[in-house]
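These notes are about the structure you will find just below.
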Amino acid sequence: MRPLAVSNVDRERIARARQHGERTARSDRAVVAVRYDVQRDAIELLLRNDRTVSIPRANLPELRGVEVAALADAVVSSEGDAISWRALDVDIDVTRFIAGPTTVPKPSV
């Protein structure tokens, strides 16, 4: 197998994409944790700024019909802009929810 030739233009695009990903991961709106709230049937995202965003499962058509037990296996992307259920082959870009009105302060512990 021959190595792929990468042009200077491609190298620049890759570098810009990497920088964008690093900036996104450092953003105060980056998702740092995800969990499924059974009682509210919602996905909860903890943001770097200690705020929580709750997304009703009904707003995520990708998760309709999924067993509750499977929802506990969500992971956050390294950029903090998406969540995934690898066993279900489901990836959801959550940036549209982070800026929404459902953002509430994280309760103090």
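The values are calculated or read from the model by the stated rules, or taken from the named source; none is laboratory data. As the structure is a computational prediction, the values presented were derived from the model and not from experiment. Heads up, the Cβs are rebuilt from the backbone with ideal geometry, glycines too, and the neighbour counts pull from every protein chain shown.
Scanning region 36-67 for residues that are surrounded by 17 or more Cβ atoms within 10 Å (Cβ to Cβ) and either of a type in the set (Phe, Trp, Tyr) or in a loop (DSSP other than H, G, I, E, B) (or both) yields TYR36, LEU60. Taken across region 87-107, residues that are assigned to a loop (DSSP other than H, G, I, E, B), within 18 Å of the chain's Cα centre (by Cα), at pLDDT below 80 and β-branched (Val, Ile, Thr) do occur, with at least one present. Taking region 25-48 as the range and being modelled with pLDDT under 90 and either within 18 Å of TRP85 (Cβ to Cβ) or out of contact with any helix residue (DSSP H, G or I) (no Cβ under 9 Å at 6 or more places or on another chain) (or both) as the test, the residues that pass are ALA25, ARG26, SER27, ASP28.
Restricting the first member to region 33-46 and to residues that are touching a residue at least 60 places away in the same chain (Cβ under 8 Å), and the second to residues that are of a type outside the set (A, V, I, L, M, F, W, C) and assigned to a strand (DSSP E or B), the beta-carbon pairs closer than 6 Å and six or more apart or on different chains are LEU46/THR52.
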